[in-house]
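Heads up, the thing below is written out as structure tokens.
The values are calculated or read from the model by the stated rules, or taken from the named source; none is laboratory data. In this text the structure is predicted, and so the values were computed from the model without any measurement. Here the Cβ is made from the backbone with ideal geometry for all residues, glycine too, and neighbour counts use every protein chain on show.
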Amino acid sequence: MKNSLAFEFSLARRFLEENKLQTLLIVLGIAIGVAVMVFLTALIDGLQADLIQKTVGKAPHIVVTSAEAGSQEAVKSVDGHKVLMIDTTQKDQRPIGEYHTLVNAIWADQRIRAVLPVVDGSGLIRRGQVTRGVLLRGFDLDQADRIYDISNSVIEGNRKPINNSVLIGKDLAVDLGVSAGDPILLELPGQDPLALMVDGIFDLGVSAINQRWLVMDQRQAAALLGIGDQVTSLELQVQDVFLSEQIARAWSSKLPNYQLESWQETNAQLLTALKSQSSSSYTIQFFVLLAVILGVASVLAINAVQKSKQIGILKAMGIRTNSVARAFMIQGVVLGLMGSISGFGLGIFLTKIFILLAGQQLTLLLKPLSVVVILGSTMLSATLSAYLPARRVSQLNPIEVIRNG
């Protein structure tokens, strides 16, 4: 058995060395095909990751609120005029008490990446003659950075507001004509106006947020809204955004007194777009992979047929059919391995060159599963493409093969 295996390896080596130029061209063909797959896969997966990050990356994937709700005061009289505080279709959920226990329970779920207790309320900001409706948001900034990355989005002033200080969005600051360090006047329903200082201005890249959010410490917001040590909601981010709805349903059965809403429920059109983008990406990758596999198969099949005369001579010398076929299989493994490794390196090189030539910030992502599929399918196709034609040719009558070439 050892002698037979050694002979097969020796025969495969001789076939590879017999025509070095042809061997080099086969390896180069496999390498180019693998490089194209690596490049396209990295580009498509990167674009999808960027799309997900820009749409739901800085947003809660699941929002937990109390199941009990009541209508919220929506209109307030300001200088004799009716001012809309919030959308009248919205509901004011009862605050969540003893939320610490709930937070600890949710954190125990390995599928959850972030849990943020939030205090929300509506109000008005006055600055001179300008009045704007705002959404008062109170949370711990260190925890909020897991979802919104507010600290790194501050473009002016301090990243963390001190007592009686707030962060506001860039667009709201422009509307009010304020900068970091300027005072503003906050009016909440049923309360006297409160003077606050703008400690920082942020830009989260979403116009609606930059125009309406007023951010402060969670305890300070709870005190202003009169809800004590309670929160109005819990905002969650999960490890896999596409599992949000499934996770929300699972937790809904455990928390009957709470309402859980996933981003899929509130963004049906966005979900459809992401699914369509994923489907088109997989379709493109499949056909590119199929084209490369067929190319590798055709080249190695032709190579096996070209060596039919040598196979006939080996058969006439008494070499078994399986032994000849295994020699070609070893040849296919070597060619596939050399082509896959060099092609993978070439593909990574092309992605880096593309980033430099693009001149803009792009994400090129190559998932481990994609690497396994690309290299595994290439190796398998190279092995089978060398083995099957060689076995078929080696089963022919050696005299006829030698006579007809």
List the helices (runs of 4 or more DSSP H) that sit entirely inside the stretch 238-348 and contain at least 3 residues that are at pLDDT 80 or above and hydroxyl-bearing (Ser, Thr, Tyr). 244-254
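If we scan the stretch 323-337, do we find a residue that is at negative phi and without any contact (Cβ under 8 Å) to a residue 24 or more places away in the chain?
Start the filter on the stretch 323-337 by keeping residues that are at negative phi, which leaves 323-337.
Now narrow it down to the ones that are without any contact (Cβ under 8 Å) to a residue 24 or more places away in the chain: none.
No: the stretch 323-337 contains no residue that is at negative phi and without any contact (Cβ under 8 Å) to a residue 24 or more places away in the chain.
Using the structure shown, decide if Ser278 is assigned by TED's automatic domain parsing to the domain that holds Gly190 and surrounded by 13 or more Cβ atoms within 10 Å (Cβ to Cβ).
Spelling it out, it is not the case that Ser278 is assigned by TED's automatic domain parsing to the domain that holds Gly190 and surrounded by 13 or more Cβ atoms within 10 Å (Cβ to Cβ).
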Where a residue in the stretch 189-217 is within 23 Å of Lys54 (Cα to Cα) and its partner, wherever it lies, is hydroxyl-bearing (Ser, Thr, Tyr) and surrounded by fewer than 22 Cβ atoms within 10 Å (Cβ to Cβ), with Cβ under 7 Å and at least six apart: Phe202/Ser153; Asp203/Ser153; Leu204/Ser153
Given the structure, is Thr363 assigned by TED's automatic domain parsing to the domain that holds Leu21, polar (S, T, N, Q), within 30 Å of Leu47 (Cα to Cα) and within 22 Å of the chain's Cα centre (by Cα)? yes
Quick count over the stretch 76-111, residues being modelled with pLDDT under 55 and either within 18 Å of Gln237 (Cβ to Cβ) or not in a loop (DSSP other than H, G, I, E, B) (or both), is 8
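Just wondering, is there one or more residues in the stretch 143-150 that are assigned by TED's automatic domain parsing to the domain that holds Gln218, small (Gly, Ala, Ser) and in contact with a strand residue (DSSP E or B) (Cβ under 7 Å, 6 or more places away or on another chain)?
yes
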Strands (runs of 3 or more DSSP E) within the stretch 112-214 that include 2 or more residues closer than 30 Å to Trp251 by Cβ and not β-branched (Val, Ile, Thr): 112-127, 130-138
Failed condition for Val38, given (1) crowded, with 19+ Cβ neighbours inside 10 Å; (2) at pLDDT 80 or above; (3) more than 21 Å from Thr351 (Cβ to Cβ), with all others met? (3)
Hey, Gln220 surrounded by fewer than 21 Cβ atoms within 10 Å (Cβ to Cβ) and in contact with a Gly (Cβ under 6 Å, 6 or more places away or on another chain) or not: no
Which of (1) in a helix (DSSP H, G or I); (2) modelled with pLDDT under 80; (3) within 14 Å of Ala42 (Cβ to Cβ); (4) not acidic (Asp, Glu) does Leu384 not meet, given it meets every other one? (3)
Close pairs (7 angstrom Cβ cut-off, 6 or more residues apart or separate chains): basic (Lys, Arg) in the stretch 43-71, at pLDDT 75 or above and surrounded by 16 or more Cβ atoms within 10 Å (Cβ to Cβ) anywhere: Lys58/Ile147; Lys58/Tyr148; Lys58/Leu204
